[in-house]
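Here is the structure we will look at, set down as structure tokens.
The values are calculated or read from the model by the stated rules, or taken from the named source; none is laboratory data. Every value quoted in this text rests on a predicted model; they were computed, and no experiment measured them. Using ideal geometry, Cβ is built from the backbone for each residue, glycine included, and neighbour counts are taken over all protein chains shown. These area figures cover heavy atoms from the full protein model, side chains too; ligands, DNA and RNA do not enter into them. Shrake-Rupley method; radii C 1.70, N 1.55, O 1.52, S 1.80 Å.
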Amino acid sequence: MSKYERKVISSFKDMVDADIRNVFLNTAEFAETHTIVYDGVTYADIPALLTRPTLEERTQLAFSTVSNDGLYKVTAMLHCHLADIGGALPERGAVLKCTDGDGTAFLRRYYVETAVREMGMCHLELRAFDE
């Protein structure tokens, strides 16, 4: 790969990262600030999207099969920049705590059902923690 090709790829990645941060994770547009606790580390006030899928969307999710008790496994989707949570993709089955974005500091516990890294973003399918 030539220097020019590396520079173009680097520039493209930089453009995608800027778009992600300036549009998708812009708290004035789509995102809200959330506090996320994962693997014993607290990541406070990071821009993220936390959504709860509709019934129609749940049927399209890979791990949204109905469990034995009649409940869907996936209860929320979290989208954030991977660098904002330490750069490590959470593992399936791990416990993650996250604020709901409703202005309270209450941390809701979730299990990670799936974790996908894509273009610097972290996409997590979460299942509510049963107590």
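Observations on the model:
- 5 angstrom amide H check on PHE30, placed H, neighbours 5+ away: none
- With all protein chains in place and a 1.4 Å probe, the accessible surface of the range 74-131 carries 51 percent carbon and sulfur.
- Remark: spin-label model distance ALA94-THR51 equals 2.3 nm, labels positioned 7 Å along the Cα→Cβ axis.
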